[in-house]
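The values are calculated or read from the model by the stated rules, or taken from the named source; none is laboratory data. Not measured: the values here are computed from a predicted model. Please note: Cβ atoms are built from the backbone with ideal geometry, for glycine as well, and neighbour counts cover all protein chains shown.
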Amino acid sequence: MQTFTEKALDVMKRIPSGKIMTYGQVAAAAGSPRAARQVTRILHSMSAKYNLPWHRVVNAQGQIVLRDEESRLFQKTSLQREGVEVDVDGQIDLSRFRFDPGTDEENGN
C-alpha cells in the first residue's frame, strides 16, 4: 500500500503541461482531502529530488502564492510558456486550466 506522500508524488507527476492543480486537489486525489499543507511540504522538500512540476500547483483560488519574487516570477513564466494564462496578479482561471486526474485522464486529455 502506498503512503500519502507516494500517492501525492504520483498525482503531481501526472499533471500535464498547460494544466494546473490546487494543493487541496492534489491532497484529495492522493486520498487525504484535508492535507493541502502536507502537499506544500512535499513540494518544498521533494521537488528537486523527484523532478516534480511544482510550478503547476497553485492555491484553491487559482493564484500563485509564493512570497519570494524570483520563485513567483519563475512559476508565472513557466506556466505561461506552457500556454497557461496568468494575469498580472498571478491569477489563473481554474475553469479553463485545472486538471482533473480522474476525468481528464479517462478522456485522454
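Regarding residue 55, is this residue within 20 Å of residue 72 (Cα to Cα), modelled with pLDDT under 95 and either within 12 Å of the chain's Cα centre (by Cα) or not in a strand (DSSP E or B) (or both)? Considered against the rule, which asks whether it is within 20 Å of residue 72 (Cα to Cα), modelled with pLDDT under 95 and either within 12 Å of the chain's Cα centre (by Cα) or not in a strand (DSSP E or B) (or both), residue 55 comes out as no. With respect to the conditions (1) in contact (Cβ under 8 Å) with a residue 12 or more places away in the chain; (2) outside any helix (DSSP H, G or I), residue 88 lacks only one, and its number is (1). Would you say residue 65 is hydrophobic (A, V, I, L, M, F, W, C), surrounded by fewer than 17 Cβ atoms within 10 Å (Cβ to Cβ) and without any contact (Cβ under 8 Å) to a residue 60 or more places away in the chain? Yes: the conditions hold for residue 65.
If I filter region 23-34 for residues that are of a type in the set (Lys, Arg) and in contact with a Ser or Thr (Cβ under 9 Å, 6 or more places away or on another chain), do I get at least one hit? Taking every residue of region 23-34 in turn, none turns out to be of a type in the set (Lys, Arg) and in contact with a Ser or Thr (Cβ under 9 Å, 6 or more places away or on another chain).
Quick check: anything in region 15-24 among the aromatic types (Phe, Trp, Tyr), within 10 Å of the chain's Cα centre (by Cα) and either buried (at least 16 other Cβ atoms within 10 Å of the Cβ) or assigned to a helix (DSSP H, G or I) (or both)? Within region 15-24, one or more residues are among the aromatic types (Phe, Trp, Tyr), within 10 Å of the chain's Cα centre (by Cα) and either buried (at least 16 other Cβ atoms within 10 Å of the Cβ) or assigned to a helix (DSSP H, G or I) (or both).
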